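The values are calculated or read from the model by the stated rules, or taken from the named source; none is laboratory data. Since the structure is predicted, the reported quantities are computational estimates derived from the model, not experimental observations. A quick note on method: Cβ atoms are made from the backbone with ideal geometry, for glycine too, and the neighbour counts reach across all protein chains shown. All accessible areas refer to the heavy atoms of the entire protein, side chains included, with ligands and DNA or RNA removed. Shrake-Rupley method; radii C 1.70, N 1.55, O 1.52, S 1.80 Å.
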Amino acid sequence: MSLSSLYIITGSSKGIGEALVDLLLEEDDSEVIGISRSKVKKENPNYTHLEIDLGQIEELIDRVGDIFPKKEFRKIVLINNAGWIGEIDHFGHLKDQSIKNIFEINTIAPAILMNGFVKNYSNQVNAERVVVNISSGAAKKSIDGWSGYSASKAALDMMSKTAQLEAELDKNGIRFFAVAPGVVDTEMQTEIRSASEDSFSALTKFKSLKENNQLSSPNHAAEKLLFLINNTDQFSEVLQDVREF
């Protein structure tokens, strides 16, 4: 009997995460573990849903042992897809709690899951192992109102690069990527368009992207991510952008 592939996907209840789950469940040999704070029911024996709020770090720490199955796989992939744009506003107007929450969701939770992945699967050398962290073009630029989002994604990029360096030094064979998915028509874009122009000077530009049908679909982004995951030998750099392949 051939081994199956395992995919662990955060933010699996909507957007890119849901699109990834649906595409992967079309493959009979793929087992998918979806993680989100929302309840999800899928009539597929290859799907397991874990209801975990990644904004509650202590809950994640308590549940991390449930996330990584202890058995042999042909391929093991962690996709840290869950993310939050955060409170869109300038410094001086931000709530202290929202500053804390955005780094917990966008940086600390992925770090805990990356740590668990390496801890559990570094010795499964016969399996292809890949970690994909969903980053953003905002990680490389200053955007007013987005200080937490840009900084938390920049931190995720550096964590990904450091993890890849460590994987090479430890010779464990794990590949790490941080991938900007482009501007995708998700709930996050709705939140962005609901901001005020005083808090976010590029508001008009983002509204026009929607009005002019310039947003890519979650399914398109998911297909691009799966292409990278299935062709890692074609990608030598950790930082990637789906608009470039």
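Surface composition of the chain: carbon and sulfur atoms hold 49% of the protein heavy-atom accessible area at a 1.4 Å probe.
Summary value for the stretch 1-129: 27 percent relative contact order, contacts being C-alpha pairs under 8 angstrom separated by 6+ residues. Straight-line cross-link partners of Lys161 among the aspartates and glutamates, defined as a Cα under 16 Å from its Cα and at least 8 positions apart when in the same chain: Asp170, Glu237, Asp241. With protein chains left intact and a 1.4 Å probe, residues in the stretch 13-52 average 54 Å² of accessible area per residue.
If the limit is 24 Å between Cα atoms, which of Lys95/Lys224; Lys75/Lys224; Lys100/Lys141; Lys75/Lys100 go over it?
Beyond 24 Å: Lys95/Lys224; Lys75/Lys100.
Any chance you could give the angle, 0 to 90 degrees and rounded to 10, that helix 15-24 forms with the longest Cα principal axis of the chain? Tilt of helix 15-24: around 20 degrees. On full extension, the segment bounded by Lys141 and Met158 gains 4.7 nm, given 0.36 nm per residue less the C-alpha separation.
Computed from the C-beta positions of Ala202 and Phe245 and an R0 of 30 Å, the FRET efficiency is 0.70 to the nearest 0.05. Summary of the geometry: the stretch 196-245 and the stretch 114-182, compared by the centres of their Cα atoms, lie 17 Å apart.
For Ser152, Ser38, Ser122, give me the order by solvent-accessible area with a 1.4 Å probe, most accessible first, ignoring ligands, DNA and RNA.
The ordering from most to least exposed comes out as Ser38, Ser122, Ser152.
Relative to the current alpha-carbon distance between Leu209 and Glu72, full extension at 0.36 nm per residue lengthens the span by 44.9 nm. Against the chain, whose longest principal axis is taken from its Cα atoms, helix 109-121 shows a tilt of about 10°.
Between helix 218-230 and the chain there is an angle of about 40 degrees, using the helix long axis and the longest principal axis of the Cα atoms. Each label was represented as a point 7 Å from its Cα along the Cα-to-Cβ direction; for Lys171 and Lys100 these points are 4.5 nm apart. Annotation for Gln56 and Glu237: the two label points, set 7 Å from Cα along the Cα-Cβ direction, are 4.0 nm apart.
Of the peptides 163-175, 66-78, 196-208, the ranking by mean beta-carbon count within 10 Å, highest at the top, reads 66-78, 163-175, 196-208.
Solvent-accessible surface of the stretch 88-245, taken per residue with a 1.4 Å probe and all protein chains present: 50 Å².
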